1. Expressed as an acute angle from 0 to 90° and rounded to the nearest 10, what is the orientation of the C-alpha long axis of helix B:464-478 relative to the principal long axis of chain B?
2. Over chain B, calculate the relative contact order: mean separation of alpha carbon pairs under 8 Å at least 6 apart, over the residue count, as a percent.
3. Between residue A:84 and residue A:27, what is the spin-label point distance in nm, taking each point 7 Å from the Cα along the Cα→C-beta axis?
4. Which whole number of Å³ per residue matches the convex hull of the alpha-carbon atoms in region B:249-378?
5. Where the centre of each part is set by its Cα atoms, how far does region B:421-445 sit from region A:221-235, in angstrom?
6. Straight-line reach only, C-alpha to C-alpha below 15 angstrom: list the aspartates and glutamates that residue A:296 could link to, leaving out same-chain residues fewer than 8 apart.
7. Report the net charge of residues surrounding residue B:622, where surrounding means a beta-carbon distance below 13 angstrom and charges are Lys +1, Arg +1, Asp -1, Glu -1.
8. For residue B:486 and residue B:197, FRET efficiency with R0 = 51 Å and r from the beta-carbon atoms, rounded to 0.05?
Amino acid sequence: MSRWSYFARRLVLAIPVLLFSMSLTFIILRMGPLDPVSAIVGTNNDPGYRRAVARSIGIIDAQGNPIPLWRQYVAFMTDLLTFDLGQAWVVNRGSDVTELIATRAPRTIWLGFWSVLVALLVGIPLGFYAGLRPNTLSDYSASFGGIVWRAMPNFWLAIIISSFLVASNQLTGGAFNWSTWIVDTKVITAPPLEDLTDPENLAVAIKQILPPALVLGSSSMGNEMRVGRTAVLETVNSNYVETARAKGVPERIIVWKHIFRNALIPLVPIITAEAFILIGGSVIVEEIFAINGLGKLFIDAAFQGDLPLAGSLIYVFVLLTLIINILQDFLYTLIDPRIGYD
Amino acid sequence: MTDSSGLSRRRFLQATGGAAGVAALAGCLGLGGDDGNDGGNDSDGNGNGNGTGNGGGDGNESTPEPQSGGTFRMINSTMTTFDPVAAGDEASGYVVTQIHDALMNYPNGDTSVENLLASNVERSDDDTTYTFTLNDATFHDGNTVTAQDFVYSFERLARSPKSVRSYFILDSLGIAHETDGDGNYVAESLNVSAEDEKTLKITLAEPFHMTLQMLAYSSFAVIPQDAIGIDIDAERTGSGEEAEDAPEYTEFATSSPIGCGPFSFDFWEKGTAAEVSKYDDYYGESAYLDKVHWQVIEDDNAMFNYAMSQNVDRFNVPTPRYDRSKVKNTSKDDQGRTVGEYGPFQANGETVDYLKVPEVSTFYIAFNTQEVPKPVRQAFAHAINQESLSSRVFKDRQAPAYHLTPPLVFPGENPAENYDSHVQENYPYGIGESQVPEAKQVMEDAGYSSNEKFELTLTHYESTTWNEMAQIIRQQLQSAHIDMTIESAEFSTLLDRGQNGNLQAYTLGWIADWPAGDNFLQLINPPNTYTGETGVLTYTNWGRDEATEASQSAAEAWETIQANPGPGDDAEQARADAYLKMEEANWEDVILVNMFHGATERFKYKYMHMPAFGAMGESRQKFTSFWKEQESRRTVTATPQTPANGSGE
């Protein structure tokens, strides 16, 4: 089978997965105990208010009769598949879902991008460094650091870091103030993301996203460090490296061409899997740093039974997951030609 | 059937008899002529000139002269819309209150009302027709506010598919109108007319003494009749997934709402921030502030940290970060509000101004009487110690509750004292103590023992404080042979399950729609407790299978309340007696265990000057008299970070 027909087959197989997960979403949100009307109404559960809300989001018609579920289901599926995402029911009631996603996605992407980058740039070099110097003091301290980072839960680390940065001036007796260091930024809330070509805006955007990105990337960083170290250790002791060394290949080439490239293989699924974790993990970090991105939007929508919004977000997430999965398998075949297509 | 099945005004409003409301009404009519008319232009003098460069005013502590300029910044939760008829939530309410004006107003959120857009009010002899003369106001787009605009706005409130408060105008206030065979409102049949450009006449189906209070709600605000530009019915079309708001409507409700309030709309970035700026041609006293900025933050920790970096001027302190020993120099005013200072904060060393305003609200644990037998409910009431819970869990920030009716609207001359003395004399389950032995006794008398425990599930809405309280109660109940499971649910699940009768015990609260006792006691009028019915308010099924003595007594008392709607002393006394009878009936059968009455606290940095708000809540306070010391803070000029200041229009 050629690479391209393999690719096509993977794409076709993704369709039932997509349909199944969308149906599941509908069942959970509309046939479970979640009631969007109650979510809007809150404590004061006045019947007149309830009815008006139900009518305004369109789950009962003007005469007060409920719209049958099957019709809601058909409309839900066709709208999604034609990318007509509709209007939200509860969260920012009545706004276009596309608009909500468009305003919030850049922040989540910016956050995700930097957390992956922080993890990659710190975790992998550190892991390789430790792997090339096994059982030395520097290996131990790097490994230990990796375990600590891996172990710290996001919600805890986020609170500690944000509280520390906010109080940095007071705690250091005026010696260091994070808010005014290099450029003026806030600790909490999303960074401004317009016109990033201006170096100052860019600096603000990066500085403000670094603390949450560090938190979000912390466990991945530890993971990559640990896996990178093991992978290097394994390849260092493998036959082909020994052979190369016996042939007199220079150490630099051995490290970069033989060890580094082979050690990357186990890291690929780790890195791609992180992309999924970032979608889920960003909820907590977005909440604590008040970034109000996609993660928070999704949680709000899901808890409040906002079918159009939660459904659309899941649809987008599922699409992303499928694409990344296919991409990952594709990457394998590029890095390691021994992996077949069957 | 829509209207007949809901709570009609007969059932839940007309009898409203809070002394506060009646007094306010009288005061309001008396003031009518000379109150609202002025105010227009004389405030501009000290207005724009000062700006940020004002270097004076050093040292003078006593009564500082208000300074103009600056942005007032506060935190808000997610807003949904700025269309006055579609906004039902508090977060949107903050913004709507600044943009839109109605005929009447609760000044600073107090429970009394005064004229706002109305310069004069006349009531006909039969008490059904009100004639309003309007102030010379203009909308933010420059057009004059006319009586026709009100006719349109009221029609929208009654008929718009986006309106969530149509029952306010059709049932609660009860403006005369026609209904079709199904009880639905017939378009344009509302008895509201524009006599001339400045005279508005409304006619009620029957007299109603809370009319002016109702008209102060922001739902009754005026918008220009051409603001949306499409037919009212076309604002939202289709149903189910297909339902869509018309683009013209969305434009009005979310990106260019037009009102005639003291601030005009600047921009709203959904889920991030909203901003309004001073309207210079405001017909009343125009604002000192240049802008108001709301930053959307919902996480407690994030809010607190954001405030600690002084990114906002007014904020809250989440209970885990709250230290009651830091509240100092407090005094109480005549409305029961606590004024003082709080601090210093560990994070920034600042001491801030503190205000605590008791709210007209009650939070309770309710029992489905079909599932939970009376001895168990009584054991709960015995075991629960409201005072120690409010002290341990809330750090005394909320007041313990014994009545469903909050102290502020309790009947009598001295509501708060009456409240306390009635509790002292009559509360059967122990005040300020946890009567575990009594609870055990009640259960053992009913045949339960350590081998035969009663099992039940308490479902609380998502809240760490309720969870903590539930844990404490569970421990206490264990020795009283009750095995309690704790479960938490989002509102979206909790209310739905309650409606279907699938809750054994649950927590919920009630925040006053109007400041009066029957607004609360309707919750325990037995017919309002039947699950599965449309009008259900608490999911307790009180006396549904078999009427008890107490449930009959409560039902009779409710009838008395309804039969005595008038403002006279006799009627008031009859209502007051009935209120007490209902409270005592609830104590007897323990339908609800009242837990605490809410209070709102406000923390603000000292450079910010803002009057205390009243019991109707901060979201009903207009920010016109707020001002900010100009030279004291770098943050005054720092524009809140938002995407491009120019993006708003």
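1. 10
2. Relative contact order, chain B: 20 percent.
3. 2.6
4. Enclosed volume per residue, from the Cα hull, is 249 Å³.
5. Rounded to whole Å, the Cα centres lie 64 Å apart.
6. Counting by Cα, and skipping residues close in sequence, residue A:296 has these aspartates and glutamates nearby: A:286, A:287, A:306, B:298, B:299, B:300.
7. -3
8. With a Förster radius of 51 Å, E is 0.25.
Every number in this text was worked out from the coordinates using simple rules, so none of it is lab data. The model shown is predicted, which means the values in this text are computed figures rather than measured ones. Heads up, the Cβs are rebuilt from the backbone with ideal geometry, glycines too, and the neighbour counts pull from every protein chain shown.
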